[in-house]
Amino acid sequence: MTQNLNVSELLSSKLWLRRTLSALSALLLLSGLALVGYPLASNLWQGRLQDRLGKQLASPQLQQAYRDRKIGTGDSLTRIKIPDIGVDVVVVEGTTPSALRAGAGHYANTSLPCDVGNVAIAGHRTTFGKPFANLDRLKPGATIELDTPVGGCVYQVSKDPLVVSPNDLSVLDASGDRTLTLTTCHPKGSAAQRLVIKATWSKDLKSA
Amino acid sequence: MTNVRSTGRLCALALSAMVVAGLFASTPASADNAEAFAGSAAARALNLNALGIKVTAGSTDALATSSPEAHAKGAGLALIADSASKADATAAGQNPSTPQACALHIPISGILDVAAACSQSAASTLDANPLAASTATVAAIDVGLVNLVLQLLQPILDALTPVLDQVIGTVTGTLQPLLGGLLDPLLGSLNLDLNSPVSSLVDALKNVTNLATVHVGDTASTVTTDAGKVSAVATAKGGEVDVLPGLAVTGAPLLSIVLGSARATSTFDRSTGQSSSAFDPSLLTLQVLGINVPIGLGAPVTLFAGTVLESTISIGAGRTIQNPDGTVGAVADGVSLQLLKGLNGGIVLELAHAESAVGGAKALITTQSVNPPAEVQAVELARTGAEAPWLEMGLMLILAAFVSRRLGRRWMLKR
């Protein structure tokens with residue numbers, strides 16, 4: 001009898017098992033709903049955060065901090081606009097997981113936006129507003145605008161998107177020219193590789 | 001570099017190395033270079049990062065450089081400000097330190113001492129030898145009562161000691177030829193006289209400070225400098241129970257049980273300019289009168305590699321790291337779980353995690369220019385994918401919930 005016990009019989013004989021199953025059902029349902037809702041929730045979170053960061057970017061305090069080169073991790077640094085793929089978000093300083101909840105973050109050890117050297121920015125491709133979701137669609141010649149608290153500039157995409165390994169830090173190497181590097185995870189929904197966009201300075205914009 | 005990039009868990013070490021490398025990068029590459037060095041150590045008793053929500057308990061950090069600067073900070077629980085301590089020496093000749101900061105401390109003289117979420121930090125740049133040290137503990141319970149117990153037992157011991165000494169002395173004298181290899185270290189540790197073992201044991205008991213101590217989440221990070229070397233040492237323990245501490249001549253307890261311990265050591269030799277590192281992790285360590293019995297040491301195990309469910313489990317594991325710029329580091333883990341790495345960073349649980357790093361360049365008096373080592377910036381490009389197929393996984397869980405619910409309903413109908 002015991003050997004042929006099916007699931008229903010097992011449940012009939014074990015009240016505690018049925019209760020456990022009910023609790024498990026509820027837990028699985030809640031977990032499932034949480035997972036399904038996570039991207040939406042993260043986008044909402046990022047949207048609210050962007051509102052706050054936008055105000056911070058326009059504040060005199062941040063302008064002074066920018067001039068002093070004292071922008072803290074997670075604080076607004078610049079606004080990035082990529083018209084071809086509809087990107088218009090505030091980039092924060094730093095690329096820690098916490099900072100990147102804003103959607104995009106500036107690699108702390110690279111040049112500041114519009115300065116001489118290589119400016120590198122990472123952005124989410126899925127969740128948290130997914131600002132770089134369509135980065136792979138950028139073609140050479142596309143423009144990327146950076147608006148900092150003290151001015152702005154425009155870069156032009158110089159080559160087709162590159163796909164590199166996550167450990168290929170050479171894309172962050174300093175350069176003698178004014179260049180911009182954008183990175184995001186690749187393929188979409190995976191962190192196996194990184195998609196890299198390289199752009200070169202095109203022109204400065206009028207100071208704020 | 002291959003080692004460094006292997007896991008995200010090494011980010012903190014890379015940051016330590018970055019501090020070290022940053023020091024060199026900021027040092028002018030002049031013809032006559034002064035000595036430059038830096039050492040850092042960091043320890044965490046518990047580090048939990050669940051999908052971006054972080055909880056850290058028992059954390060200590062120490063950094064000392066040839067500037068000279070020394071910085072130390074610690075926290076019993078990162079969320080409780082009262083448990084934090086910090087000491088910074090930013091110029092030569094400073095020697096700041098903080099008293100022990102505890103979120104909770106209940107001392108009952110001679111009987112019980114309970115402390116929770118404590119830390120203490122000190123930094124010094126005296127005598128051109130920068131030093132930084134920080135200790136932290138999540139919880140500590142010291143059970144006293146030793147003197148009281150001894151007083152209560154004294155009349156009985158006085159009566160029985162001569163008889164017991166004779167009997168036990170005879171037994172151990174008989175056994176010693178057979179078990180000398182085992183008994184001698186233990187007897188030596190207790191400084192027992194075989195002619196009067198009970199008397200000498202009672203004497204040894206008078207050195208005991210507590211009946212037992214239970215410490216959870218002890219960590220210590222120190223960077224010390226002397227004329228010969230710079231040493232960065234980080235230690236972390238998940239939990240430690242000491243029975244009769246101070247019983248042995250060396251001050252060791254009768255029995256010490258340490259669960260989840262990790263120690264990482266990095267050393268810079270000032271005379272040769274060479275750096276070295278070592279690690280010492282274990283899941284469980286037993287000490288009897290100070291004699292070590294390490295148990296459980298293993299290499300990391302990775303499951304579901306290359307998928308969003310990739311998980312790495314390390315128990316009593318560690319590694320050393322040699323960076324291209326000459327800086328070295330060590331990482332040791334008592335227990336480390338990195339689960340579901342593909343899920344927005346996944347879940348990271350580190351019990352007893354220690355890491356240290358040093359680097360330096362000895363003083364040069366040649367006229368040849370020295371290029372500063374390249375700066376270690378990061379271990380990998382930022383993860384920005386939120387890699388999980390949220391929708392698919394969520395729908396699978398909802399389906400599983402439906403199936404399990406159906407099973408329950410079938411049972412109800414059957415009844």
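The values are calculated or read from the model by the stated rules, or taken from the named source; none is laboratory data. Fair warning: this is a prediction, and the values are worked out from it, not measured in the lab. Glycine also receives a Cβ, built like all others from the backbone with ideal geometry; neighbour counts cover every protein chain displayed.
Of everything listed in (1) more than 10 Å from chain B (Cβ to nearest Cβ); (2) in contact with a Leu (Cβ under 9 Å, 6 or more places away or on another chain); (3) not in a loop (DSSP other than H, G, I, E, B), the single unmet condition for A:R101 is (1). Only one entry in B:A132, B:A122, B:A140 is at pLDDT 75 or above, within 23 Å of B:E240 (Cα to Cα) and within 26 Å of the chain's Cα centre (by Cα), namely B:A140.
Return yes when A:S158 is in contact with a strand residue (DSSP E or B) (Cβ under 9 Å, 6 or more places away or on another chain), small (G, A, S), closer than 19 Å to A:P83 by Cβ and more than 10 Å from chain B (Cβ to nearest Cβ) and no when it is not. I'd like the intermediate steps shown before the answer.
Values: in contact with a strand residue (DSSP E or B) (Cβ under 9 Å, 6 or more places away or on another chain): yes; small (G, A, S): yes; closer than 19 Å to A:P83 by Cβ: yes; more than 10 Å from chain B (Cβ to nearest Cβ): yes.
So A:S158 passes the test.
For the condition in contact with a Leu (Cβ under 7 Å, 6 or more places away or on another chain), within 7 Å of chain A (Cβ to nearest Cβ) and either at pLDDT 75 or above or not in a loop (DSSP other than H, G, I, E, B) (or both), what is the one hit in B:G329, B:G394, B:G334? Please lay out each step first, then the result.
Numbers: B:G329 fails: within 7 Å of chain A (Cβ to nearest Cβ); B:G334 fails: within 7 Å of chain A (Cβ to nearest Cβ).
Of the residues listed, the single one that is in contact with a Leu (Cβ under 7 Å, 6 or more places away or on another chain), within 7 Å of chain A (Cβ to nearest Cβ) and either at pLDDT 75 or above or not in a loop (DSSP other than H, G, I, E, B) (or both) is B:G394.
Pairs meeting the criteria (first residue in region B:271-288 and surrounded by fewer than 19 Cβ atoms within 10 Å (Cβ to Cβ), second residue of a type in the set (A, V, I, L, M, F, W, C) and part of a loop (DSSP other than H, G, I, E, B), beta carbons under 8 Å, at least 6 apart or on different chains) are B:V288/B:L254. I'd like the full set of residues that are at positive phi and modelled with pLDDT of 85 or more, limited to region B:58-100. B:G58, the sole residue that qualifies. Residues that are more than 18 Å from A:A104 (Cα to Cα) and within 14 Å of chain B (Cβ to nearest Cβ) within region A:170-200 comprise A:S170, A:D173, A:A174, A:A192, listed in sequence order. Contact map, region A:17-39: first residue within 7 Å of chain B (Cβ to nearest Cβ) and in contact (Cβ under 8 Å) with a residue 24 or more places away in the chain, second residue basic (K, R) and not in a helix (DSSP H, G or I), Cβ cut-off under 9 Å, separation 6 or more or different chains; pairs are A:P39/A:K130.
Inside region A:104-132, can you point out the residues that are at the interface with chain B (Cβ under 9 Å from one of its Cβ atoms) and farther than 22 Å from A:Q46 by Cα? Passing the criteria: A:N109, A:T110. Tallying residues that are surrounded by fewer than 17 Cβ atoms within 10 Å (Cβ to Cβ) and polar (S, T, N, Q) within region A:78-108 yields 2. Per the conditions (1) modelled with pLDDT of 90 or more; (2) more than 12 Å from chain B (Cβ to nearest Cβ), the sole criterion not satisfied by A:D68 is (1).
Restricting A:D147, A:D177, A:D160 to residues that are among the acidic types (D, E) and free of Cβ contacts under 8 Å to residues at least 60 places away in the same chain narrows the list to A:D160.
Please work out if A:K203 is more than 8 Å from chain B (Cβ to nearest Cβ), in a strand (DSSP E or B), at negative phi and surrounded by 14 or more Cβ atoms within 10 Å (Cβ to Cβ). First the steps, then the outcome.
Values: more than 8 Å from chain B (Cβ to nearest Cβ): yes; in a strand (DSSP E or B): yes; at negative phi: yes; surrounded by 14 or more Cβ atoms within 10 Å (Cβ to Cβ): no.
Spelling it out, it is not the case that A:K203 is more than 8 Å from chain B (Cβ to nearest Cβ), in a strand (DSSP E or B), at negative phi and surrounded by 14 or more Cβ atoms within 10 Å (Cβ to Cβ).
A Cβ distance below 6 Å, combined with a sequence gap of six or more or placement on separate chains, defines the contacts here; from region A:53-75, residues that are on the phi > 0 side of the Ramachandran plot reach residues that are at pLDDT below 90 and part of a helix (DSSP H, G or I) in the pairs A:G74/A:A99.
Any residue that is closer than 21 Å to A:E145 by Cβ and surrounded by fewer than 18 Cβ atoms within 10 Å (Cβ to Cβ) - is there at least one of those in region A:66-75? Scanning region A:66-75 turns up at least one residue that is closer than 21 Å to A:E145 by Cβ and surrounded by fewer than 18 Cβ atoms within 10 Å (Cβ to Cβ). Residues that are among the polar types (S, T, N, Q) and outside any strand (DSSP E or B) were ranked within region B:43-88; the one that is nearest to B:E350 (Cα to Cα) is B:S83.
Okay, residues lined up against (1) closer than 16 Å to A:K130 by Cα; (2) among the hydroxyl-bearing types (S, T, Y); (3) modelled with pLDDT of 80 or more:
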site	(1), (2), (3)
A:L17	no, no, no
A:S25	no, yes, yes
A:A34	no, no, yes
A:L49	yes, no, yes
A:K55	no, no, yes
A:L62	no, no, yes
